[in-house]
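Before any comments, here is the structure.
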């Protein structure tokens with residue numbers, strides 16, 4: 001009896017809770033509504049921006065992957081080609097000396113003689129351009145005979161043409177040594193086992209050294225893809241891509257050397273260069289042939 | 001052919017037909033005689049070439065000193081530096097600053113600070129000397145390496161000028177204790193300045 005009364009009471013309370021009308025919950029204040037709407041718009045814009053950005057990254061990713069694949073297809077120098085560069089005609093240093101004797105200036109024994117030869121145009125300056133760069137010289141001066149300067153430019157042109165033909169970005173050659181006075185040649189021989197202590201072909205203005213383990217990327221607009229309109233930070237993305245091209249030049253230096261070595265072998269066959277691929281330091285010693 | 005060259009020279013190359021192989025490249029090759037005769041003006045130094053010079057003097061507590069010369073050549077300015085009193089450990093940055101003094105022109109005469117801005121008429125980022133225009137300051141000359149305490153630097157720089165608004169004349173050339181890393185902005189994290197000299201034009 002008592003239990004039935006309690007059950008009835010509970011059911012009554014439940015019915016009351018269902019039947020009594022509750023006041024509607026208060027809506028958000030108008031300020032919050034405006035903020036929520038702004039946030040929603042901002043989110044939509046961000047999503048749209050991310051979609052554009054994602055498309056831009058996809059484009060860059062495709063470009064990098066394609067470029068890397070093209071590098072992979074470049075063939076490093078074969079053993080037979082290395083042999084030809086390290087022990088061929090140009091590998092006989094005596095030939096370099098004879099070429100220097102035949103085509104070069106008198107031995108540049110001093111800075112004053114170097115200046116005299118410059119004054120009459122027998123030695124011309126060797127500075128950076130779109131084909132090659134000249135590194136900071138410590139034991140030589142950035143001057144060579146005109147035909148040697150032309151040959152460096154021609155070598156770099158053929159190298160870059162080979163790259164362009166394969167759809168690759170262009171790289172510049174790095175000249176690391178040019179004309180040495182006798183005193184600088186003697187000083188160099190004390191720190192560089194590869195440098196001869198006697199007369200060098202570098203003293204006649206006809207020889208240069210060119211690195212084969214490092215190349216400098218040449219930025220060009222045509223290397224940059226067309227990114228979707230409204231891509232944010234396009235300039236920074238392009239700068240990033242140029243950094244990738246620079247890094248690829250380091251990573252695939254052996255492959256780039258494959259192209260350069262073949263250009264030099266060809267030019268040696270044409271009688272233009274004497275080529276000695278040095279092993280003590282990573283340079284081609286080139287003397288006008 | 002080159003092995004026969006001595007014989008050819010002795011016996012008279014022209015008579016014996018010791019000639020150069022014919023060029024096969026479609027690109028015209030300069031006549032070899034251009035190296036020794038009939039020099040066109042384009043190979044001669046510019047007739048009105050300018051020159052300038054900075055004598056680097058050590059800042060207090062340092063020993064580095066030297067001379068940097070600047071000379072207009074075709075294709076740029078030859079920068080030739082010889083600096084002694086440098087440590088052989090590591091490299092030493094060489095910069096041209098935007099500043100026109102080595103010691104502050106006030107009564108305190110303090111050395112120009114290591115973070116003084118580089119000469120940068122193009123408003124470019126900091127970079128290495130081999131970078132193209134727009135990728136480096138005109139005053140970013142690179143690094144010196146000392147051997148036996150002395151460093152030598154010789155380079156034709158296409159971005160250094162001795163004329164008008166882009167001229168380095170009147171600016172300060174400095175050598176730092178540390179190496180320019182070529183990427184830290186805006187100074188290359190090169191450490192304190194060891195020596196400084198204002199670049200003066202030469203007549």
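The values are calculated or read from the model by the stated rules, or taken from the named source; none is laboratory data. Just so it is clear, the model here is predicted, and its values are computed rather than measured. Reconstructed Cβ throughout: ideal geometry from the backbone, glycine too, with neighbour counts over all protein chains shown.
Where strands (runs of 3 or more DSSP E) sit wholly within the stretch B:55-153, none has at least 1 residues that are over 30 Å from residue B:41 (Cα atoms) and free of Cβ contacts under 8 Å to residues at least 12 places away in the same chain.
Among the criteria (1) within 15 Å of the chain's Cα centre (by Cα); (2) buried (at least 18 other Cβ atoms within 10 Å of the Cβ); (3) within 13 Å of another protein chain (Cβ to nearest Cβ), the one residue B:119 does not fulfil is (3). In summary, residue B:130 fulfils each of the numbered conditions (1) within 14 Å of chain A (Cβ to nearest Cβ); (2) more than 15 Å from residue A:136 (Cα to Cα) with the single exception of condition (2).
Every residue, every condition in (1) closer than 22 Å to residue A:152 by Cα; (2) in contact with a helix residue (DSSP H, G or I) (Cβ under 6 Å, 6 or more places away or on another chain); (3) more than 14 Å from every other protein chain (Cβ to nearest Cβ), yes or no:
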| residue | (1), (2), (3) |
| --- | --- |
| A:227 | no, yes, yes |
| A:232 | no, no, yes |
| A:242 | no, no, no |
| A:256 | yes, no, yes |
| A:273 | yes, yes, no |
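Residues that are within 9 Å of chain A (Cβ to nearest Cβ) and part of a loop (DSSP other than H, G, I, E, B) were ranked within the stretch B:38-54; the one that is farthest from residue B:162 (Cα to Cα) is B:39. The set of residues from the stretch B:154-203 being more than 23 Å from residue B:73 (Cβ to Cβ), in contact with a strand residue (DSSP E or B) (Cβ under 8 Å, 6 or more places away or on another chain) and not in a strand (DSSP E or B) comprises B:177, B:178, B:179, B:180, B:182, B:186, B:187, B:188, B:190, B:191, B:192. Applying the selection to the stretch A:138-149, what residues are facing chain B (nearest Cβ under 7 Å) and within 20 Å of residue A:171 (Cβ to Cβ)? Passing the criteria: none in range.
Considering only residues in the stretch B:147-163 that are modelled with pLDDT of 95 or more and more than 10 Å from chain A (Cβ to nearest Cβ), the one that is surrounded by the most Cβ atoms within 10 Å (Cβ to Cβ) turns out to be B:160.
In this structure, does residue A:135 turn out to be within 14 Å of chain B (Cβ to nearest Cβ), closer than 22 Å to residue A:180 by Cβ, surrounded by fewer than 18 Cβ atoms within 10 Å (Cβ to Cβ) and within 24 Å of the chain's Cα centre (by Cα)? The answer is no for residue A:135. Restricted to the stretch A:98-118, and to residues there that are outside any loop (DSSP other than H, G, I, E, B) and under 36 Å from the mean Cα position of the chain (by Cα), the residue that is surrounded by the fewest Cβ atoms within 10 Å (Cβ to Cβ) is A:111. When A:258, A:249 are screened for being in contact (Cβ under 8 Å) with a residue 24 or more places away in the chain and touching a strand residue (DSSP E or B) at 6+ places or on another chain (Cβ under 6 Å), only A:249 passes.
Kindly establish whether residue A:76 is outside any helix (DSSP H, G or I) and under 30 Å from residue B:40 (Cβ atoms). Taking the combined requirement at face value, the residue does not satisfy it. Filtering the stretch A:105-120 to residues that are within 11 Å of chain B (Cβ to nearest Cβ) and touching a strand residue (DSSP E or B) at 6+ places or on another chain (Cβ under 7 Å) leaves A:114, A:118.
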